Structure formats: structure tokens, C-alpha cells
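**Student:** Shown below is the structure under consideration.
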Amino acid sequence: MDRASFRLSLSLVAVAGVAAATLAAATIWLLITDPVIVSTTTTSGDVGPFVRAVGNVILEALRGLFNYL
């Protein structure tokens with residue numbers, strides 16, 4: 001394995017890790033702030049409201065971060 005492919009694979013793993021951590025943090029935040037959405041998703045199987053809520057949480061976090069910067 002040459003050096004360039006090692007760096008690329010390490011970068012892809014890092015991006016996947018950041019994405020997974022972001023999704024996990026948003027899910028935990030929703031479990032704390034709005035557990036009804038999470039419980040409705042687990043009982044009904046409809047993931048649409050959950051995906052919208054997670055997207056909204058991530059978007060609001062990015063807005064807050066950019067307003068801070």
C-alpha cells in the first residue's frame with residue numbers, strides 16, 4: 001500500500017467517523033429534547049419525521065456555529 005492510498009483511506013475513515021458522530025449526537029439530542037419523534041419512529045416504522053428532525057437539529061447547530069464565527 002503506497003503512501004497516497006493510505007492517506008486517502010485514512011481521510012475517508014475520518015469523514016465517515018465525523019458523519020457517524022454527528023448523527024449520533026443529533027439522535028441523542030432528539031432523545032433528550034423531543035422523545036416523541038424518536039418513539040413514534042420506532043413504533044410506526046416511518047422514518048420521515050425522524051430524518052427531518054435530525055436534519056433540522058444539524059442545520060440549527062450549523063447556523064449557531066456560523067453565527068458565532
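**Student:** Rounded to a whole number, what % of the accessible area of the chain do carbon and sulfur atoms account for, probe 1.4 Å?
**Tutor:** On the chain, the fraction of accessible area on carbon and sulfur atoms equals 71 percent.
**Student:** As a check on your grasp of the helix formula, calculate [θ] at 222 nm for the chain: sum -39500 (n - 2.57) over DSSP H runs of n ≥ 4, divide by the residue count, round to the nearest 500.
**Tutor:** -31000 deg cm²/dmol
**Student:** Follow-up. Could you calculate the contour length gain from Leu23 to Val51, that is, 0.36 nm times the residue separation minus the distance between their Cα atoms, to one decimal place in nm?
**Tutor:** Difference between extended and current length: 9.1 nm.
**Student:** Follow-up. Go ahead and run the numbers for FRET between Val13 and Val36, Cβ-Cβ distance against an R0 of 35 Å, rounding to 0.05.
**Tutor:** The pair Val13/Val36 has a calculated efficiency of 0.50.
**Student:** Debye calculation, C-alpha points only, no solvent: report log10 I(q)/I(0) for the chain at q = 0.15, 0.21, 0.25 Å⁻¹, in the same order as the q values.
**Tutor:** Listed by q, the Debye log ratios stand at -0.63, -0.89, -1.06.
**Student:** Same structure again: Could you give the accessible area per residue of the chain, probe 1.4 Å, as a whole number in Å²?
**Tutor:** Per residue, the chain has an accessible area of 79 Å².
**Student:** With the contact rule set at Cα under 8 Å and sequence spacing of 6 or more, what percent relative contact order holds for the chain?
**Tutor:** Over the chain, the number comes to 26 percent.
**Student:** Going by alpha carbons, how many degrees (0 to 90, nearest 10) lie between the helix axis of 48-68 and the longest principal axis of the chain?
**Tutor:** Long axis of 48-68 versus the principal axis of the chain: about 60 degrees.
**Student:** Suppose every Lys and Arg Cβ carries +1 and every Asp and Glu Cβ carries -1, with no other charges. What dipole size does the chain come out with about its Cα centre, to the nearest 20 debye?
**Tutor:** Result for the chain is approximately 240 debye, rounded to the nearest 20.
The values are calculated or read from the model by the stated rules, or taken from the named source; none is laboratory data. Note that the structure is predicted; figures quoted are calculated from it, not measured. Quick reminder, even Gly has a Cβ in these numbers, built from the backbone with ideal geometry, and neighbours come from all protein chains shown. Please note that ligands, DNA and RNA were not included when accessible areas were found on the heavy atoms of the full protein model with its side chains. Shrake-Rupley method; radii C 1.70, N 1.55, O 1.52, S 1.80 Å.
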